[in-house]
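Structure record follows, encoded as structure tokens.
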Amino acid sequence: MNTKNTKRNNRKASKTAARIVGRVFLVLFTVILLAVMGLSMVLNMIFNGPSESARNILTMSLLEASATKWVPGLFIGKDAVDQIRADVGTPMPGDVSSGEQIIITSGIAADESGEWKDHPDGIYIETVKGSTYTAHVMVIRDPSQVYLATSAKKFSLDIPGTRIQNQIETEGAIAGINAGAFNDDGTGQSYVGRLPVGMVVSKGEIVWDDGKNYEGFVGFNEDNVLVVANSMDKDRVKEMKIRDGCCFGPVLLMNGVPNQIEYSSNSGYNPRTAIGQRADGAVIFLCIDGRQPGSLGATYSDVIDIMVEYGAVNASNLDGGSSTVMLYRDTQGIYGEAGKVQMINNYSLLQKDARRMPTFFMVRPGNKE
């Protein structure tokens, strides 16, 4: 009799547990369904509402993220998406920077400058706050220390891209940011980040060229002058004596002139990475936090404003979104533990680690640290 009661109680307990689990899953499903329906309604109101500016900003924000670039087409159609993209994608009238305004200072003149007296490794970092973003600005005194690091000597689908925290150790560099375009279909597949897109120049050699002109090109020539261009080919690389560079864009500043088309465009709010150079040769690395409660992200106009504020003559946008990352090896212990590599920016809430990538702009140690 006791055995029967025990079995009966066990069956009741099992049924009760099953009902509880079933109800929990039903509640979760309902919450998720309502959230998706609510988000869809909000997106539909923005995409098809009265504000063309809001529609364009949302469209470009989603298009710039590989994981969400399919969303705008669901609400407004491919033709409308293509038109918005075309409106913000017109290049600058000039095709390539001249570098005539760059006069690189070095040696005693640079060392005695008050700007660098508290930064013996020639690097300092500042934070800039905007209404929708938090930006991290790294200024590097000596442009000859800045170069393009690659994840492999020879790119191949058989060789994975690297994460920047691993690459900076491999290079022995003291700072780094993500650089150029790479194969990315928005998935988490292992092949993402293995191959660059466009042209890659490293140590004076063209190490990759798939014939694709991805928005623009940025890099340094043998005189350590930053070159920004709307396009680049093998002949121009040789002619301009490019030592390190990769494809990305758009160009933001050329010969001191802002890209007015991009400045006034609805480029969207996203994490951003950019590189620029001042008239004295100092290089500017810029990373902007985005997709976070306290930092939605920045537009191209925000990036241009920051570059202008820091005195950039030439500047280009680099890969952004979930690729945006900035590292610094604090050689002097000014920002934290001496000798430790620190993550300067904050990731998007959508990721847990830096992405695998094929190219990085890095800073090698100088002669004086």
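The values are calculated or read from the model by the stated rules, or taken from the named source; none is laboratory data. Quick caveat, the model's predicted, so the values are computed rather than measured. Cβ sites come from the backbone with ideal geometry, for glycine too, and all protein chains shown count toward neighbours. We work out accessible area using only protein heavy atoms, side chains counted, and drop any ligands, DNA or RNA first. Shrake-Rupley method; radii C 1.70, N 1.55, O 1.52, S 1.80 Å.
One table, with the values for the structure above:
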read-out: Test result for ARG243, part of a strand (DSSP E or B) and surrounded by fewer than 22 Cβ atoms within 10 Å (Cβ to Cβ); value: yes
read-out: Subset of the range 117-140 (residues that are open to solvent by 10 Å² or more (accessible area, probe 1.4 Å) and either in contact with a helix residue (DSSP H, G or I) (Cβ under 8 Å, 6 or more places away or on another chain) or not in a strand (DSSP E or B) (or both)); value: LYS117, ASP118, HIS119, PRO120, VAL128, GLY130, SER131, THR132, TYR133
read-out: Filter result (open to solvent by 60 Å² or more (accessible area, probe 1.4 Å) and among the hydrophobic types (A, V, I, L, M, F, W, C)) within the range 146-168; value: LEU157, ILE159
read-out: Test result for ILE174, crowded, with 17+ Cβ neighbours inside 10 Å and closer than 21 Å to GLY290 by Cβ; value: no
read-out: Among residues of the range 193-217, those that are touching a Lys or Arg at 6+ places or on another chain (Cβ under 7 Å) and part of a loop (DSSP other than H, G, I, E, B), counted; value: 5
read-out: The range 330-369: number of residues that are over 29 Å from ASN259 (Cα atoms) and out of contact with any helix residue (DSSP H, G or I) (no Cβ under 7 Å at 6 or more places or on another chain); value: 21
read-out: Options GLY321, GLY297, GLY290, GLY281: the member that is of a type outside the set (Val, Ile, Thr), farther than 15 Å from LEU252 by Cα and modelled with pLDDT of 95 or more; value: GLY281
read-out: Only one of GLU100, GLU112 that is more than 26 Å from PRO358 (Cα to Cα) and either at pLDDT 75 or above or of a type in the set (S, T, N, Q) (or both); value: GLU100
read-out: Qualifying strands (runs of 3 or more DSSP E) (wholly inside the range 285-363; at least 3 residues being open to solvent by less than 10 Å² (accessible area, probe 1.4 Å)); value: 312-318, 326-329, 359-363
read-out: Counted residues, the range 290-318 - those being under 18 Å from SER131 (Cβ atoms) and among the hydrophobic types (A, V, I, L, M, F, W, C); value: 7
read-out: Conditions (1) out of contact with any strand residue (DSSP E or B) (no Cβ under 7 Å at 6 or more places or on another chain); (2) open to solvent by 40 Å² or more (accessible area, probe 1.4 Å): number failed by SER267; value: (2)
read-out: Residue under evaluation PRO143, criteria (1) buried (at least 22 other Cβ atoms within 10 Å of the Cβ); (2) within 19 Å of GLY180 (Cα to Cα); (3) under 18 Å from the mean Cα position of the chain (by Cα), criterion not met; value: (3)
